[in-house]
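One structure is given below, encoded as structure tokens.
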Amino acid sequence: QLQASGGGLVQAGDSLRLSCAASGRAFVSAAMAWFRQLPGKERAFVGGISSRGLSTDYADSVKGRFTISRDNGRNTVYLQMNSLGPEDTAVYYCAADRAGYYIHRNYRDYDYWGQGTLVTVSS
């Protein structure tokens, strides 16, 4: 089970950190990712991290602004978002892929999902 939190309303240029707490031992062997979604659109890959945190991947639109990290001792993955803009407004979801090592960009490759947390960036 995944529980996402940290969303909210911020102004352009602000920062926000999302958290995703996982239950169960499977977390430490799972690759984790963040996706975001707008109404009527498919979930879009934002960033991902391998099971041991040795590899990360980011969508071009967030590269250099967002950082994904994980604390396997706390069963938590984070998404630090800096220099937010209105284009970052979306519902953000965390996801887990039990396979673990490879970071998939397709949401269909993920087994578990959090409930989503809304990020709204005003201009």
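Based on every Cα atom in region 53-123, Rg and the maximum pairwise Cα distance Dmax equal 12.9, 39 Å. Note on region 69-123: with charges restricted to the Cβ of Lys and Arg (+1) and Asp and Glu (-1), its dipole about the Cα centre is near 140 debye.
Taking amide hydrogens as placed 1.01 Å from N in the peptide plane, the amide H of Gly100 sits under 5 Å from those of Ala31, each at least 5 positions away in sequence or on another chain. Amide H contacts under 5 Å for Phe66: Asn82, restricted to partners 5 or more places along the chain or on a different chain, H placed in the peptide plane at 1.01 Å from N. Each residue of region 46-63 is assigned a 3J(HN,Hα), and the resulting list reads 10, x, x, 9, 6, 4, 9, x, 7, 10, 9, 8, 9, 5, 4, 5, 10, 4 Hz, derived from the Karplus form 6.51 cos²θ - 1.76 cosθ + 1.60 (θ = phi - 60°), x at Gly and Pro.
Spin-label model, Asp71/Gln37: points 7 Å from Cα along the beta carbon direction are separated by 2.8 nm. Overall, the accessible surface of the chain at a probe of 1.4 angstrom is composed of carbon and sulfur to the extent of 47 percent. The label point for His104 and the one for Gln3, both projected 7 Å from the Cα toward the Cβ, are 2.6 nm apart.
Here, the chain is characterised by an Rg to Rh ratio of 0.94, where Rg is the alpha-carbon radius of gyration and Rh the Kirkwood radius. Less than 5 angstrom separates the built amide H of Gly8 from those of Val119, Thr120, all sequence-distant by 5 or more or on a different chain. A dipole drawn for region 1-108 from +1 and -1 charges on Cβ atoms has a positive end, and of Pro86, Gly13, Thr76 the residue lying farthest that way is Thr76.
On the beta carbon distance between Val28 and Leu118, with R0 = 30 Å, the FRET formula returns roughly 0.60.
Extension gain for Asp111-Arg17 works out to 31.5 nm (0.36 nm per residue, less the C-alpha to C-alpha distance). Using the Karplus relation 6.51 cos²θ - 1.76 cosθ + 1.60 with θ = phi - 60°, the per-residue 3J(HN,Hα) values for region 70-86 come to 8, 10, 5, x, 9, 6, 9, 10, 10, 10, 8, 10, 10, 6, 5, x, x Hz, with x marking Gly and Pro.
Taking every alpha-carbon pair under 8 Å whose residues sit at least 6 apart, the chain reaches a relative contact order of 37 percent. Pairwise Cα separations in region 1-64 fall into 5 Å bins from 0 onward with the following percentages, short to long: 4, 13, 19, 27, 22, 10, 5, 1.
The values are calculated or read from the model by the stated rules, or taken from the named source; none is laboratory data. Every value quoted in this text rests on a predicted model; they were computed, and no experiment measured them. Methodologically, a virtual Cβ is constructed for each residue, glycine included, from the backbone with ideal geometry; neighbour enumeration extends over all protein chains shown. Ligands, DNA and RNA are excluded from the accessible area calculation, which covers all protein heavy atoms including side chains. Shrake-Rupley method; radii C 1.70, N 1.55, O 1.52, S 1.80 Å.
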